[in-house]
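Only one structure is covered here, and it is reproduced in the block below.
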Amino acid sequence: MTLLIGFGVFVLCMGAGILGLALHGALPEPHRGTETKDTVRLVQALIASMATLVLGLLIASASAHFRSQAEGVTELAADLLVLDVALAHVGPSAREARGTLRDMVQEAVSAHVLELGRNAPVVDQARFDAFFGAVARLRPGDEGERAAQARALEMAHRLVQSRAQLMVRDVTDDVQWPFLGVLISWLALLFLAMGLFVRINATIVLAMVAGALAVGGAIFLIIELEHPRTGLLRVSDAPLRFALERLDR
């Protein structure tokens, strides 16, 4: 989908540039004067400045969203490891709970849950509720084990929070389509103006192709970064795999 959108932007900008080249010969002589060219170039500079600003804002927003999702997965993996350590200090009674925790992470990694989109939870809710209940029902033998159980319950709460944050961020942070639509229209106008006052030749066409590819690539990156759990640019599950390796030990 993102590839199609990026390719569509490329075709639109290239088409606008070719239309400008085609209109060059149709312009009446009074519209080809120096004053007309200077005015069009001033408008081009204005639109280019606004397009640069909006493009920078969109890229920064998409990049921040991608980083926040990646950091969320890292925090989730770290919380899993701390939770397992806390359960280890509870004593032998927590062995089953630790096995359940390891199984949940194994299922999440094997199912590639980070690639299933915003409707797929990173950790199964029903399994996690059962795990949380098992931790709460543990019977520690001394003060040290009771403190470890309290810490394990605290980390379990943090896991719920981290999981919820991943899902909410994925739902609330989405592509700013109005900004994107206005930006693409500005870019198409720029390509149209580029061809109005030049005669077509191979160098000009190649330059427009390069520019249209750059524009299409930028839009592609914005949309990809805004959807970090699907598409070609995805949040890595390496932190979860790292946590699983330590849990297996």
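The values are calculated or read from the model by the stated rules, or taken from the named source; none is laboratory data. The model shown is predicted, which means the values in this text are computed figures rather than measured ones. Cβ atoms come from the backbone with ideal geometry, glycine included; neighbour counts cover every protein chain shown. Side chains are part of the model used for accessible areas, which takes the heavy atoms of the whole protein and leaves out ligands, DNA and RNA. Shrake-Rupley method; radii C 1.70, N 1.55, O 1.52, S 1.80 Å.
The table that follows gives values for the structure above.
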quantity: Residue-level accessible surface for Asp129, protein heavy atoms, 1.4 Å, Å²; calculated: 80 Å²
quantity: Span-rule helices in the chain, defined as complete DSSP H runs reaching 18 Å or more along the axis (Cα) with Kyte mean at least -1.0; calculated: 2-24, 34-90, 95-110, 143-172, 177-196, 202-226
quantity: Segment 1-56, accessible surface, carbon-and-sulfur percent (1.4 angstrom probe); calculated: 74 percent
quantity: Calculated FRET efficiency for the pair Glu143/Ala210, C-beta based, R₀ 45 Å, to 0.05; calculated: 0.05
quantity: Probe 1.4 Å, accessible area per residue of the chain, Å²; calculated: 54 Å²
quantity: For the chain, size of Cβ-based charge dipole, Lys and Arg +1, Asp and Glu -1, in debye; calculated: 260 debye
quantity: Accessible area of Arg158 in the full protein assembly, 1.4 Å probe (Å², nearest 10); calculated: 110 Å²
quantity: Probe 1.4 Å, all protein chains present, accessible-area order of Ile222, Ile59, Ile204, largest first; calculated: Ile59, Ile204, Ile222
quantity: Rounded accessible area of Met50 (nearest 10 Å², 1.4 Å probe); calculated: 70 Å²
